[in-house]
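Working notes for the structure below.
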Amino acid sequence: MVGSAIWRALKTKGYTNIIGKTSAELDLRNQQAVTDFVTITKPDIIIDAAARVGGILANNDNPYLFLMENLQIQNNLIDTAHKFNVKKFIFLGSSCIYPKLAPQPLKEAYLLTDSLESTNEWYAIAKIAGVKACEAIRKQYGKDFVSLMPTNLYGQNDNFDLKTSHVLPAMIRKFHEAKQNEHAPVDLWGSGSPMREFLHVDDLAQAVLFAVERVLPEFLYNVGTGTDLTIKVLAETIQNIVGHEGEIEWDSSKPDGTPRKLMDNSKLNDLGWHAKLSLIEGIKSTYEWFLENQTTLKQVKIN
Ligand SMILES: NC(=O)c1ccc[n+]([C@@H]2O[C@H](COP(=O)([O-])OP(=O)(O)OC[C@H]3O[C@@H](n4cnc5c(N)ncnc54)[C@H](OP(=O)(O)O)[C@@H]3O)[C@@H](O)[C@H]2O)c1
């Protein structure tokens, strides 16, 4: 989802010399393959949008995979970029790097000040290692390696596979299928009370473009909208947009995750980047994309 959005943004801005590979063409867990790729292509900039990504269930069930594969992918890319003197490296992490009970909104300064949320700590620890590796390269060698931490993302090319998807695309699919099934009730995980922030992936792509086109003065920037809503309100918003008229049943035996996760985006906002798409507009266009691509949606298996 993120890689293709950045690709679209770069193309629209007129960049032509862009190289992208699928995991089948270039397995970033393989150090030699990464070295060979960088030797041949000699990139000026590397944007790391590759990761083993998944929702609470996938993270919880596959701790080693989420820790190790993400470390392998990012270590291979960061170290190769460093050794081959790539001019700029943009590392994408996630808001789950911040402590579970950190004050809200989350500032970059809260990194490593308390314990992580246990359901995705494996993934978060890998991402923290990536942020610190880029910070260390900046500190020791003065290189332009920067980390962007997006909040929850959604949009075109999202993962709608219910076993591995995040909350927003999972809800779109569940409400759509329930609507098709005579407006059957929709079961949703947790209590509905946690608060979350959602950023359209095209807005994130503009933030990446912003980082491509200037040297950012610090090593870490949050990327979000600055507003959040409860999961319950999110569900009702999606239900409305999809046109489902049945009941919503909340399964409070399932984990809620962190109670609130709102980013303080002032550092990047102060430099001039702001999210533009509203949540309603974003969900409408994502639902349209889902309807147009139902037969070719990706299936995301973990093992
Ligand atoms: N989705 C979110 O809500 C969210 C929020 C915050 C941050 N992020 C960050 O954004 C980045 C991208 O996430 P996404 O949502 O775009 O996930 P995605 O759609 O699942 O994309 C992940 C990408 O990583 C590639 N990949 C995975 N393993 C690889 C490997 N071993 N070698 C080469 N490529 C590999 C996949 O390639 P193939 O498809 O070819 O296998 C895919 O293109 C991640 O760093 C994630 O932490 C995402």
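With Cα atoms as the point set, the radius of gyration and Dmax of the stretch 159-249 evaluate to 16.6, 54 Å. Per residue, the stretch 12-84 exposes an accessible area of 56 Å² to a 1.4 Å probe, with every protein chain left in place.
Taking the accessible area of the chain, probe 1.4 Å, and keeping the other protein chains in place, the carbon and sulfur fraction comes to 51%. Can you bin the stretch 7-57 into rounded, prolate or oblate? Criterion: square roots of the alpha carbon gyration tensor eigenvalues sorted a ≥ b ≥ c, rounded for a/c under 1.5, prolate for a/b above b/c, oblate for the rest. Oblate shape, in that a/c is at least 1.5 and b/c is the bigger or equal ratio. Pair-distance distribution P(r) for the chain, from all Cα-Cα distances in 20 Å bins starting at 0: 33, 59, 8, 0 percent. When the convex hull of its Cα atoms is viewed from all sides, the stretch 240-303 shows a mean projected area of 8.3 nm². With the alpha-carbon atoms of the stretch 28-71 aligned to their principal axes, the span from lowest to highest coordinate is 38, 19, 9 Å, starting with the largest. The mean accessible area for residues of the stretch 189-303, using a 1.4 Å probe and ignoring ligands and nucleic acids, is 49 Å² per residue. Per the Debye calculation on the stretch 1-135 with a single equal scatterer at every Cα and no solvent contribution, log₁₀ I(q)/I(0) for q = 0.10, 0.16 Å⁻¹ amounts to -0.36, -0.89. Given the pairs Lys232/Lys254; Lys13/Lys284; Lys88/Lys132; Lys107/Lys232; Lys87/Lys107; Lys174/Lys232, which are separated by over 19 angstrom at their Cα positions? Result: Lys13/Lys284; Lys107/Lys232; Lys87/Lys107 exceed 19 Å.
For the set Asp27, Asp264, the ranking by accessible area, highest first and with no ligand, DNA or RNA atoms included, is Asp27, Asp264 under a 1.4 Å probe.
Averaging 1/r over every pair of different alpha carbons in the stretch 94-148 and inverting the result gives a Kirkwood radius of 11.8 Å. Relative to the longest principal axis of the Cα atoms of the chain, the long axis of helix 231-242 makes an angle of roughly 80 degrees.
The values are calculated or read from the model by the stated rules, or taken from the named source; none is laboratory data. Keep in mind the model is a prediction, meaning the values are calculated, not measured. What goes into the accessible areas is simple: the full protein's heavy atoms, side chains included, and nothing from ligands, DNA or RNA. Shrake-Rupley method; radii C 1.70, N 1.55, O 1.52, S 1.80 Å.
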